[in-house]
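First comes the structure, then the notes that go with it.
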Amino acid sequence: MATFILRRTGTMILTALCLTFIVFFLTNLYPNLEKLAKTQGNFRMSDEEVASWLGNRGFLQPMPVKYGQWLGILPGYVIRGTDGVLRGKCFGRHMAREDAPRFCGVLQGDWGYSLRFKDEVRAIVGVRLGLTGWLMLMVMAVMVPGALVMGVLAGMREGSRLDRTLSTVSIVTTATPEYVSGVIFIAVFASSAVGLKWFKGTATAAMNDMTFQNFALPVLTISLYGMGYIARMTRASMAEVMTAQYIRTARLKGVGFAGIVMKHALRNALIAPFTVIMLQFPWLLNGVVITETLFNYKGFGWALVEAAGNNDIELLLGISVVSVIVVLSTQLISDIGYVLLNPRIRVS
Amino acid sequence: MEPLGWADITFRLLIRFTPVWISLIAVFALSIRFRRRLGLYGRLFGSPIGMVGFGVVMFWALTAIHAGLFHLIATHDPLTQIPGMKNSPPGTPVADARTSGAYAYFLLGGDNLARDVFSRMVVGSGIVMLIAPLATVFAFMVGITLGLPAGYHGGRLDAGLSFIANLILAFPVILLFYLLVTPEIVQTGLPSYMAAILFVFPLVFVAVLVNARLRIQPGKRNRVMAATMTPLILLYLVAVSQKDTALSFLPARLDPFDIPAGILVVFVSVVFVNAPTVFRIVRGLTLDIRTRDYVAAAQTRGEGAWYIMLWEILPNARGPLIVDFCLRIGYTTILLGTLGFFGLGLPPESPDWGSTINSGRKLLSIYPHSALPPAFALLSLVLGLNLLADGLREESLKD
C-alpha cells in the first residue's frame, strides 16, 4: 500500500510539473508578452522598445530558465536594464534589494502580482478559493445525497416504474450543461418576463451574505449536471448488487426488503459511486467557471475568466497551479479510497 | 398587424419545419420497412427509447441539412438586422414585410441586435451538426490509432501514451480552451500546427488499415493504397494549408478552400480534449479482447500485429465504441456550447447555439426569449444522443 501511494504521488508530482510547464509555456509565448508590454508600457511602443522592455524585466530569458525561476528552483534574475535600472525578480515590489532572497518562486510562496486586481496572486487565490469553497460545499451537500438516493431508489427494483422515471430524470440532467440549466432557471425563476421571481438571477450578493434566495440557483445549476451521472452509476452498481447471491440468501432467510437494502446492499453498492464522486471534481471545476460567470459570483472560476481575458499571466499561472493540484489530488484520493473500500482489489 | 398568440406561433413553427417532417417520416418508414436487413441500426427500431433518441437526433440533422444546403426553414437571414425589432417578443410582426417580401413575423422574437431568434437557432444547428460529429470522428481516429497499439503491445509505449493522455485529462477543460483559443496564441500558429498533427491520424489509420489487410497481395495493395491515399493526402494538404497563417505552403491556385480560422481553432481544441478519453476506452477494450482465443489463433497463424489490432480486435470492440461515439457527439456539442458561451473561437455574430446563449444571457432577466430557444435546442440534441446511446447499448447487449 505504501509503495502504491508513493508511486502514485511521484507520478502526480511529475504530472503537475508537466502541466504547469505547459501553462507556463503557453502564457509566455511572445505574442502574449508583447501584449503585456504594450498594456503595461504604452500602446505605441515600437518592436525594439517592446523587446528592450521585456528584456529588462527578464521575460526574454530561455523558457526553462524562466520556468525554474518561477518555480523557485533557480535563483531569480537580476538584470541591469538598457535604461540603467537594476531590476530583479525577487526585489522591487515590496522588498529592498539587500534583504531580497535569492530564490523566489511558487515553492517559496511568492506567487507573483496580479495586474488585473492590483494585488498579490496568493491573496487573490486565497479569497476566491474561499468563496468557491462555500459554493462547492453547498453543491456537494445537495448533489451527493440527492444522487445517491436517486440511484439507490432506482436500482433497488430494476425495471420498475420508479426506476424508469428516475432514470429518465438522470438522463435529462446529464444532457443539460450548466449554461443551459442556468439560463432556464434564471428565465423561469428570476426574470420579470415570467414573473415568478422566487430567486435572484445573480449571486453577487451571496459573497457577503449568503441566503437561500440568492444562492439556490447557482448551487442547483452545478449540482444537477453532475447528479444524473452519479445517480446512474449508483443505480448500475445497486442493480448489480441486488442480483448477488448473498442478497438472495438474506431474502430466503426472511429479511424484509428494507432490511436487505439498508443492511446488506447499500454498503457494497456505494463503492463504485465513491470513485465517481471524487472524479467529478474536475468536472465541478468546469461547472464552477460557467456558473460563476453566469451568476456573476466572483469566486475562483470568475477569477480564471478575468485572468485569461485580461492576459494576467501570473494570476492565470497561480490559478492553474491550484486547479491542477485539486484535480490530481482528487484522483489520488479516489484511487486510494477505492483500494481501501474494496478489499478484493490487491495492489501490487 | 397584430402580434401572434402562442397557438398561432406553435402552428406556424410546425409548418416551417414541414420539409423536416417529410424527410423524417421517410427515414423512419424506410428504416422500419427494412429493419431486418439493417443489423444493429435496424434493431434500434425495436427499442422505444432508441427510436425517440434517433428521432430527435435526425430532426436536428435534417434541420441542419435543409437549412444549410437548401435555405429552407429559416424565415430570415440570421445576420440581417431589421429596424424596430430589437428585443421584440415572440410573434411580433415585421414592419413593411409586405413590401420587402420578407416573412411577416419574428416567430420567436428578436435578439438584442434585432435579428430573428428562430432563424439564428435553425442556421446555428448547421454549425453544431457539422463540427460536433466531425470532431468526434477525428477524436476517434486519434484515439483508435494510438489506443490499439498501447493496449496490444503494452510496456513502455503504453506507459508513455497513457501518461500523456492523463496529462491532457488532468487539465481543466476551460483553462485549456482559454490557453489555446485566445487570439495571441492563434497568432503564433499553434492551432495550425496542432491541426497538421491531428489531421494526419485519419491518413495513418486508413493507410495501416489497407496495408494490414492486403499485405500479401502487393499489387492489389498498391492500387488500393493509391486510390484511397491520393484524395486523402490532397484533402489533408488543402485543409492544413491556410492563407496568412504559419502554415501556408500551397499556392493559392491549388488551395480551393480555407477553413475559417475560428472554426479550425475550435475544431482542433475539441478534438484535442476528446481524443485522450477515446484513447483510454480503446486501450481498455484492447486489453480485454487481446486475451481472447481468436486473437491467439490469429497470432498462431502468423498474422501481423496491425492486422490483429485492426481486423480482429477493433471489429469486436465496436459495440461499446458505437455507444460511446453517440455519447461523445453529445459531449462535444456541450463543449462547443461552452466555447461559444465564453465567446471563444467563433466570431461573436456566429449563430451557433453557444454564442447565441452567450449574447442572450446579458438581458436574461428582462428578455429571456432570445437565450431560451438555443438552450432548448442544445438540450434536446444532447438528450436525443444520450437516449440513442442508451437504445444502442440495450440492443447491442442482446446478442
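Structural remarks
- Scope the range B:375-392; condition at pLDDT 90 or above and more than 9 Å from every other protein chain (Cβ to nearest Cβ); matching residues: B:A377, B:L388, B:A389
- Qualifying residues in the range B:133-180 (those that are modelled with pLDDT under 90 and of a type in the set (V, I, T)) - the one surrounded by the most Cβ atoms within 10 Å (Cβ to Cβ): B:I174
- Matching option when the condition is in contact (Cβ under 8 Å) with a residue 40 or more places away in the chain and more than 12 Å from every other protein chain (Cβ to nearest Cβ), among A:V276, A:V288: A:V276
- From the list B:G384, B:G345, B:G360, B:G391, the one residue that fits, being crowded, with 23+ Cβ neighbours inside 10 Å, in contact (Cβ under 8 Å) with a residue 40 or more places away in the chain and not in a helix (DSSP H, G or I), is B:G345.
- Scanning the range B:6-27 finds one or more residues that are at pLDDT 85 or above, β-branched (V, I, T) and open to solvent by less than 20 Å² (accessible area, probe 1.4 Å).
- Annotation: of all residues in the range A:175-205 being within 30 Å of B:R328 (Cα to Cα) and of a type in the set (A, V, I, L, M, F, W, C), the one that is farthest from the other protein chains (Cβ to nearest Cβ) is A:F185.
- Any chance A:M262 is in contact (Cβ under 8 Å) with a residue 60 or more places away in the chain, away from chain B (no Cβ under 14 Å) and hydrophobic (A, V, I, L, M, F, W, C): no
- Members of the range A:1-34 found to be away from chain B (no Cβ under 14 Å), in contact (Cβ under 8 Å) with a residue 60 or more places away in the chain and assigned to a helix (DSSP H, G or I), listed by number: A:F4, A:I5, A:T9
- Some residue of the range A:35-48 being of a type in the set (D, E, K, R), open to solvent by 20 Å² or more (accessible area, probe 1.4 Å) and at the interface with chain B (Cβ under 8 Å from one of its Cβ atoms): yes
- Whenever a residue of the range B:62-78 is assigned by TED's automatic domain parsing to the domain that holds B:L108 and on the phi > 0 side of the Ramachandran plot, its partners that are outside any helix (DSSP H, G or I) and not aliphatic (A, V, I, L, M), lying with C-beta atoms within less than 9 angstrom and at least six residues away or across chains, give the pairs B:I73/B:F17.
- Test: residue in the range B:322-337 that is surrounded by fewer than 19 Cβ atoms within 10 Å (Cβ to Cβ), more than 9 Å from chain A (Cβ to nearest Cβ) and under 20 Å from the mean Cα position of the chain (by Cα): yes
- The range A:262-304, residues that are β-branched (V, I, T) and either under 13 Å from the mean Cα position of the chain (by Cα) or modelled with pLDDT under 85 (or both): A:I271, A:T275, A:V276, A:I277, A:V288, A:V289, A:I290, A:T291
- A residue that is basic (K, R), farther than 20 Å from B:G330 by Cβ and in contact (Cβ under 8 Å) with a residue 24 or more places away in the chain cannot be found anywhere in the range B:18-39.
- Residue count for the range B:304-330, restricted to those that are over 15 Å from B:T136 (Cα atoms), in a helix (DSSP H, G or I) and of a type in the set (A, V, I, L, M): 6
- Conditions (1) part of a helix (DSSP H, G or I); (2) over 27 Å from A:G228 (Cβ atoms); (3) open to solvent by 20 Å² or more (accessible area, probe 1.4 Å); (4) more than 11 Å from chain B (Cβ to nearest Cβ): number failed by A:K298: (1)
- Residues of the range B:363-373 that are buried (at least 21 other Cβ atoms within 10 Å of the Cβ) and more than 9 Å from chain A (Cβ to nearest Cβ): B:S370, B:P373.
- Among residues of the range B:177-190 that are facing chain A (nearest Cβ under 8 Å) and in contact (Cβ under 8 Å) with a residue 60 or more places away in the chain, those with a beta-carbon under 6 Å from a residue that is buried (at least 20 other Cβ atoms within 10 Å of the Cβ) and part of a helix (DSSP H, G or I) at least six positions away or on a different chain give the pairs B:Y178/A:A308; B:L180/B:S269.
- Applying the condition of being hydroxyl-bearing (S, T, Y) and more than 16 Å from B:L363 (Cα to Cα) to the range B:86-132 and asking which residue is surrounded by the fewest Cβ atoms within 10 Å (Cβ to Cβ) yields B:T99.
- Some residue of the range A:306-323 being in contact with a Leu (Cβ under 8 Å, 6 or more places away or on another chain), farther than 30 Å from A:K118 by Cα and open to solvent by 30 Å² or more (accessible area, probe 1.4 Å): no
- Exclusive hit being crowded, with 22+ Cβ neighbours inside 10 Å and not assigned by TED's automatic domain parsing to the domain that holds A:G68, set A:M140, A:M156: A:M156
- Residue within the range A:117-126 that is open to solvent by less than 30 Å² (accessible area, probe 1.4 Å), out of contact with any helix residue (DSSP H, G or I) (no Cβ under 8 Å at 6 or more places or on another chain) and not assigned by TED's automatic domain parsing to the domain that holds A:E240 present: no
The values are calculated or read from the model by the stated rules, or taken from the named source; none is laboratory data. In this text, all values refer to a predicted model and were calculated from it rather than measured experimentally. Here Cβ is always computed from backbone atoms with ideal geometry, including for glycine, and neighbour counts include all displayed protein chains. Remember, those area values only see protein heavy atoms, side chains included, never the ligands or the DNA or RNA. Shrake-Rupley method; radii C 1.70, N 1.55, O 1.52, S 1.80 Å.
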